[in-house]
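Notes for the one structure printed next.
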Amino acid sequence: MKEKKAQAFSRRELLFGFMDRIRGREPGEAAATGVSAPSAAADALFGEGRWAEALDAYREALGREAADVEARVRVGICLYRLGKHTQAVAELNAALRRKEHNLALLYLGLCHARRGEPGRMAEAWKRYFEPGRINLQREVNLQVACLEAGHEVDSGQAADAVEQALGLEQD
């Protein structure tokens, strides 16, 4: 009989993962970044779609813990939602240098799409893999496949389609 290896995870991951499943929420964008006061305040603002305020709160949290990948990804998402795509690319790449992160890859592709860079968009989305979000994964794969097949892809429309699959409201 083959022995299973114990999987290491924190109590925080266990609790938040369990609560997300009970609420029917997918892991990822809605999950909390941390339990510190600045992170909790930033998470609340982020959840309400108050992007500018959440951005300031996450930057404050990063001032205390610069290695917090989750907060850095959230900064990138806030910047993206505020239309600051170049700054968002820098933040998301900084997060990805520390750790491979699906949400960072998804939004990095969206940033490149909004900047009219379909090749870079496809590079980011080729690395994205989240089988738990089938519709989103399907849309990302479709956009990449269209580019690879040589079809002309309007990167703005690609971003719109992925955002729709992601469930974001169009501004």
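The values are calculated or read from the model by the stated rules, or taken from the named source; none is laboratory data. Being a predicted model, the structure only gives us computed values, none of them experimental. As a convention, Cβ positions derive from the backbone with ideal geometry for all residues, glycine included, and neighbour counts pool all protein chains shown.
Where the second residue is part of a helix (DSSP H, G or I) and among the aromatic types (Phe, Trp, Tyr) and the first is modelled with pLDDT of 95 or more and lies in the range 119-142, which pairs have Cβ atoms under 6 Å and are six or more apart or on separate chains?
VAL140/TRP125
Regarding GLY17, is this residue at pLDDT below 90 and buried (at least 16 other Cβ atoms within 10 Å of the Cβ)?
Taking the combined requirement at face value, the residue does not satisfy it.
Show the residue pairs that are 6+ apart or on different chains and have beta-carbon atoms under 9 Å apart, the first residue being within the range 64-85 and under 25 Å from GLY116 (Cβ atoms) and not assigned by TED's automatic domain parsing to the domain that holds CYS111, the second being of a type in the set (Lys, Arg) and outside any helix (DSSP H, G or I).
CYS78/LYS84; HIS85/ARG115
Being of a type outside the set (Lys, Arg) and either within 17 Å of the chain's Cα centre (by Cα) or loosely packed, with under 15 Cβ neighbours inside 10 Å (or both) is the filter here; which residues of the range 41-55 pass it?
ALA42, ASP43, ALA44, LEU45, PHE46, GLY47, GLU48, GLY49, TRP51, ALA52, ALA54, LEU55
Just to verify a result, which residue in the range 118-152, among those that are hydrophobic (A, V, I, L, M, F, W, C) and surrounded by fewer than 18 Cβ atoms within 10 Å (Cβ to Cβ), is nearest to HIS101 (Cα to Cα)?
First, pick out the residues of the range 118-152 that are hydrophobic (A, V, I, L, M, F, W, C): 121-122, 124-125, 129, 134, 136, 140, 142, 144-147, 149.
Now restrict to residues that are surrounded by fewer than 18 Cβ atoms within 10 Å (Cβ to Cβ): 129, 134, 142, 145-146, 149.
Details: PHE129: 10, ILE134: 17, LEU142: 21, ALA145: 22, CYS146: 24, ALA149: 27 Å.
Among those that are hydrophobic (A, V, I, L, M, F, W, C) and surrounded by fewer than 18 Cβ atoms within 10 Å (Cβ to Cβ), it is PHE129.
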